[in-house]
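**Student:** Below is a structure I'd like to ask you about.
The values are calculated or read from the model by the stated rules, or taken from the named source; none is laboratory data. Predicted model, so just to flag it, every value in this text is computed and none were measured. Glycine also receives a Cβ, built like all others from the backbone with ideal geometry; neighbour counts cover every protein chain displayed.
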């Protein structure tokens, strides 16, 4: 049975993921970036919020990240940690808990970005409000969006064939180019 909705849902608020910002080119290791525009969108509601971010990750021991969002003007310390095979991984320093985290959240009604642990039992993830069936459907949709995004199975973009032994299905993505991507789904 799902939990009653007494807590705020984290996914309804804003999320800062330092690794995602780096992948998208908003921040760069070893560089001081100027102001960059950033916005949060929802597939149903459209644009939720927009603002500017800037970051300095050029220092060997510390950096900073600044976000300006409406009346919010927050500066967050960035810390690098050594990796096992060389290089370094950058983390936000949670402004309340003073611990390194990769993701900061600003739930609806909050005044600043903090780690998940700061919000404690005041917040919950969307999956905590779902029953078992809805969690399964949400997981299926998440996997599908990561594997095939907006491709359509029904209009012949995919070709399925069943392999004789082992119960594997080969799913090939047909494209207009010479390359064909394949992945296997084990059917039990």
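**Student:** Would you confirm, using the coordinates I've provided, whether residue 66 is in a strand (DSSP E or B), modelled with pLDDT of 90 or more, in the same structural domain as residue 19 (by TED's automatic domain parsing) and loosely packed, with under 13 Cβ neighbours inside 10 Å?
**Tutor:** Taking the combined requirement at face value, the residue does not satisfy it.
**Student:** For the range 28-56, how many residues are assigned to a loop (DSSP other than H, G, I, E, B) and closer than 16 Å to residue 16 by Cα?
**Tutor:** 1
**Student:** Consider residue 178 carefully, then state whether it is more than 30 Å from residue 56 (Cα to Cα) and either modelled with pLDDT of 80 or more or in a loop (DSSP other than H, G, I, E, B) (or both).
**Tutor:** In short, yes.
**Student:** I'd like to know if the range 72-95 contains one or more residues that are farther than 22 Å from residue 20 by Cα, assigned by TED's automatic domain parsing to the domain that holds residue 29 and loosely packed, with under 15 Cβ neighbours inside 10 Å. Please lay out each step first, then the result.
**Tutor:** From the range 72-95, those farther than 22 Å from residue 20 by Cα are none; that's our starting set.
The answer is no, given that none of the residues of the range 72-95 is farther than 22 Å from residue 20 by Cα, assigned by TED's automatic domain parsing to the domain that holds residue 29 and loosely packed, with under 15 Cβ neighbours inside 10 Å.
**Student:** Is it the case that residue 13 is within 19 Å of the chain's Cα centre (by Cα) and in the same structural domain as residue 119 (by TED's automatic domain parsing)?
**Tutor:** Judged against the criteria, residue 13 is a match.
**Student:** How about the range 98-145: which of its residues are in a strand (DSSP E or B) and closer than 19 Å to residue 75 by Cα? Before the answer, list the steps.
**Tutor:** Filtering the range 98-145 down to residues in a strand (DSSP E or B) leaves 100-101, 103-106, 114, 123-124.
Within the range 98-145, 100, 101, 103, 104, 105, 106, 114 meet the criteria.
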